1. Take the cross-link list A:K238/B:K366; A:K36/A:K76; A:K76/B:K332; B:K69/B:K91 and give me the ones stretching past 19 Å between alpha-carbons.
2. Find the relative contact order for the stretch B:85-227 and round it to a whole percent, using C-alpha pairs within less than 8 Å whose residues are 6+ positions apart.
3. Rg over Rh of the stretch A:55-102, using C-alpha atoms and the Kirkwood radius, what does it come to?
4. Can you pull out the trypsin sites (Lys or Arg not before Pro) in the stretch A:310-357 that DSSP calls coil and that have at most 16 other Cβ atoms within 10 Å?
5. Ignore the peptide's own chain and count Cβ atoms of other chains within 10 Å of each Cβ in A:441-450; give me the average, rounded.
6. Given the -39500 (n - 2.57) contribution per DSSP H run of 4+ residues, what per-residue ellipticity at 222 nm results for chain A, rounded to the nearest 500 deg cm²/dmol?
7. Across peptide A:489-495, how many C-beta atoms of other chains are within 10 Å of each residue C-beta, on average?
8. On average, how many beta carbons from a partner chain sit within 10 Å of the beta carbon of a residue in A:307-317?
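The values are calculated or read from the model by the stated rules, or taken from the named source; none is laboratory data. All values reported here derive from a predicted model rather than from experimental measurement. Please note: Cβ atoms are built from the backbone with ideal geometry, for glycine as well, and neighbour counts cover all protein chains shown. For the accessible areas, the whole protein counts, side chains as well, though only heavy atoms, and no ligand, DNA or RNA atoms are used. Shrake-Rupley method; radii C 1.70, N 1.55, O 1.52, S 1.80 Å.
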Amino acid sequence: MARNKEALVLVLDVGPTMHAILPQIEKVCSMLIEKKLIYSKSDEVGVVLFGTEATENELTKEVGGYEHITVLRHIKVVDGDLLQALQNLPRESVDGDFLDAIVVGMDMLIKKFGPTNKGKKRLCLITNALHPIKDPYEGTKEDQVSTIASQMMAQGMKMDCVIARLTQNMEANKRIMEENDLLLRVFSNKSSSKTVYVESPTKLLGALRTRNISPVTIYRGDLELSPKLNIKVWVYKKTSEEKFPTLKRYSNKAPPTDKFATHEVKVDYEYKSIEDPTRVVPPEQRIKGYRYGPQVVPISSAELEAVKFKPDKSVKLLGFANASNIMRHYYMKDVNIFIAEPGNAKPILAVSALARAMKEMMKVAIVRCVWRQGQGNVVVGVLTPNVSDNENIPDSFYFNVLPFAEDVREFQFPSFSNLPSSMQPNQQQQEAADRLVRMLDLAPLGKEEILQPDFTPNPILERFYRYLELKSKDKDAAVPPLDETLKKITEPDPEILFQNKSVIEDFRRCFELKENPKLKKSTRRLLKEKPSGLDDEREVLGNGSDAQPMDAIEYPCKIKTEKIGDANPVQDFEAMMSRRDSPEWVSKAIQCMKDKVFELVENSCEGDSYQKALECLTALRKGCILEQEPKQFNDFILHLYKFCQQKDLKSFCEYLASHCITLISKTEAADSEVTEDEAKTFIVKSEQGF
Amino acid sequence: MDLDPEDVFRDDEDDPESEFHQGRDFTKELLVYLVDASPKMFSTSCPSEDAKDGSLFHAAISCILESLKTQIINRSYDEVAICFFNTREKKNLQDLNGVYVFNVAEREDLDRPTARLIKEFESIEEKFDNDIGSKYGILSGSRDNSLYNALWVAQALLRKGSAKTADKRILLLTNEDDPFGSIKGITKMDMMRTTLQRAKDAQDLGISIELLPLSRRNDEFNISLFYAELLGLEGDELTQFQALAGERLKDMKEQLRKRIFKKRKIRRIKFIIANGMSIDVDTYALIRPTNPGTITWLDSVTNLPIKSDRSFICTDTGALLQEPAQRFQSYKSEDVMLSVDELSEIKRIASGHLRLLGFKPLSCLKDYHNLRPSTFIFPSDEEVIGSTCIFVALHRSMLQLNRFALAFGGSSNNPHLVALVAQNEIISGGGQVEPPGMHLIYLPYSDDIRHVEEVHADANTIAPRATDDQTKTASALVRRIDLKDFSVCQFSNPALQRHYAVLQALALDEDEMPEIKDETLPDQEGMARPGIVKLLEEFKLSVFGENYEDNDLSTGGTMTEASRKRKAIADNATKEYSKYDWLELADTGKLKDLTVAELKYYLTANNLSVTGAKAALISRILTHMGK
């Protein structure tokens, strides 16, 4: 643990042009600290702010200069106070000098650690680099940066620069921006520094690596081209899924006075014979049984060890194949990377030569791998060239596992070209689809790629760590709704949708979707995926109206509307309401409509389906007045309100209010218990109420 | 329940959270193979091929055998029956002529496949003439109708099980497209009518009848003569059957194998495109790692299955608990409690549907953007008519413009950012190699990606790059060592094959352990061909220079301190190892008099683990000696 202890100085720009993005910076820094508080509690962190009105740092006292830089926190072990401070960064008023701030940060690290802790000292700069740095007393700015960079190298420091330039502040001075970018490049070239440009808040959250893992090789040895020619390689994981943390079970049995209680729960396993549950089998008396058809074949570990497949540790080349033969979807697992043995020039050259040849010829290599001696299986995989464009980084290969014959299920699917013409798009439809695919573009030319995996945070984990922090302060806190910035990962960006409104509308108009009328409702029920979260509420809402047996719908003519579909819910609803072949239809129609409204509201994205939901609600209201069922509607709308408030769909309530959907009053339907005044004020009241 | 940490096939990173990996589904399938055994199935039309290999009957048998072997591994709960018709002998409950139900001991006619069934079925062709015999069952002058009988027997076999929980199928394998061709007039009409009625009765009972037509290039299987009506095929469905006709036998086997398995979807999801517009797509697990199946723990004394009981014990008080609904995470030196409900609420950020976010060029999808096996999606018009049309349009546009779709969703408890990559249908030799549709690829997040390359990068040194000459020699090598027509999944998994061969041998009480050929080893002979050897030498010379042999030794300079230390220990151990007479020590029980350090000499020299208590070390040594 302590071996990997990291010292980090956050160098944050809090000047006026940064204010717009400071909330995201607060979040990403908090996340960094939250994870450190759990996984690397002894890491030390300091914070330097620049662009501050005041000046508060040691360098200014010692040598003068370095104005508008405030050391918010000296390098100390992470704690809750630090987190608190980072969540409330001040908004300051001066355009700061990032180079000065870097020097202050370096100075802090040097004073604290001297030349020790090489490679475990990190600076992290977040700025928009829109403002010029001061001219040095002598030499050029570039010389100055070079000196600082080489000092950084000598001290074994690394630096991550996140340059956050949202689109709105692009009108800034181009010349200064270019100059700064040039200076930052000097850092990248002359020291272990990395620069990431960020144009969207979502990317900012993913730009700072919050997970600190020292990589471990899974294989070191030969890549055997032939028995006589080996290349020394090291194999590492390139991707590995960061899992949701496993929380311990909590026991509340310990008395509250017990200060040293662990509250942990131990899980004990006891093995019992299935035939005679009173007989306990000691764990060592167990033996593994494998299923083979109806039989279970017992094999002891020793037997298994004796007969199992035991390949020797090796990585052997089987040959080269055309890259087009290996389809992307055959990649089976997370990805490994093959790098030539570090510091050994010959293998680096060999890998480089092969990688370049393969890239040029569009070839891939097929290899057979046994990572460890005694590993009971072999892996066949594909090496694809990774030709490096950074001159400091050698070429390498990515490795992906390929399936064996047993792993592939070869199902037959109908050809699209053989589909009946009703399922084939016509030319107009095809053109609309082409436009949609082209215009709904997440990687526009000349702009940054949106939601690039390398810079996209995991929304579930972000949410978990934020909630954990919230809970530590208030143990009754409810899970907050997903943050706006994170919503951009799970839902389409409203801005992009808005820009392409006409393309999308056009696409929508070109195609017709309708529910299959032949399908019986009962079967559809079975097939239907349960929507999240709503089931319970719907059950309660059902009030038994859904309870009649499904076979009641067995009518000779199946074309009659039995269900409210996605395409024309209002018509479907009206058709069902007007059916007179059974009294059940009215309540069924009302229930179906309620479900539909819920579905529309819950699945809406930035209100794209609100209008449809409103149409449905209006139809439902009309229907309920006609059929003298005001209570059904009134209860439903109250429930819907409550639901929207809880699920952060307040915008729908506002939408309804603006379209004057009110409760059904006594004057409209005699059965209603709501007076006209109550009906009208309902929205106002409920908004205050929650 | 598998509680064993050292599962044989587990890689370090394998994760047992695996409903996903298994792609399992819970409906049972009951399947009857109806195999035509008429003399026509045995005739071979290609004289060049050896008679046994070439017969259609052989093709049918080997396909069934292969699928039985797959089935016993993957879906052993499904039940099968194998039934021949147009046979000399008869064996069936109804005592009908020309139908022979093949079975083995300890098994009902329609039952789960067993090791014995597979073993005996493997050798059926040798005994076929003696035990079953082949004979035309529909001849003019007799009123026997073997096809009718066969359908009847199959239907009777499938009486078992409810149509709701089981999926019942009859697979008919025949090369006779006109079974009633040899008879004429009223008798023919009559026989056709009764046979069709028999088939329809079966279909009304929820049994689906499928035909695997076997035929050769020179005599095409004409489905419309009789079977189209029997199967109730119309229009487009007919054309799909033509794929099989006119195939070479090898390709045909391939195709048969694919058709024997029924498609099973994982589930149906909504693909939300925009503005409340959504289509239905079915998801399929076409590629999932196969593992040796779950372990059932047995009592080694009785060989009866055991179950494990979990109990929760409070560590502080020792009290027995119900499974607590609270979890905790220590954070800022205190315990933060979260309920199970809160945890699942955190994870619930999507509705389980797939939501389109936009499109990107395929070049944005890097080789390292992968976490798990992909999932296949195919449109369905069953509930929402028009889904297929939209899907096809998008599919074409994406292929045309070389773009993939970025979407969010997949599963409701672990939703992910996914890439939807359109795959065009690929047909080779008349058969579908790649189905048309989209593959859903799970993308990593920023913290899932490691920047290993940079760890060893040194800012001050420029990494060596191959010169053009070196790349050229490499190119020559790459060109020469070419796996022509390499297709993924051409190898079977040797570990799995071995595992099941062992199981089969044990299940049948065989003494001999079968040898499994490891197909994944490189082609030694091919590599030793002079042309390749020469290119390898050239590459070696151009990259490593004259003294390649020294290269192995020269790595000492770059060794880290730890590995140097390790090596020193190993060297020392080998030196010290020879100073003891280990066998003698073991025999006289004097191992325990040695120090742990001394014991480790033995272990290190023999590449054994050196961890554990002294007693463990001694027992490890004894085991290694075979005592």
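1. Distance filter (> 19 Å) returns B:K69/B:K91.
2. Details: 164 pairs, mean separation 33.7, N = 143.
Relative CO of the stretch B:85-227 lands at 24 percent.
3. 1.00
4. Those that pass, being in a loop and sparsely packed, are A:K313.
5. The mean count of partner-chain Cβ atoms within 10 Å per residue comes to 3.
6. The per-residue figure over chain A is -11500 deg cm²/dmol.
7. 5
8. Average per residue, whole number: 4.
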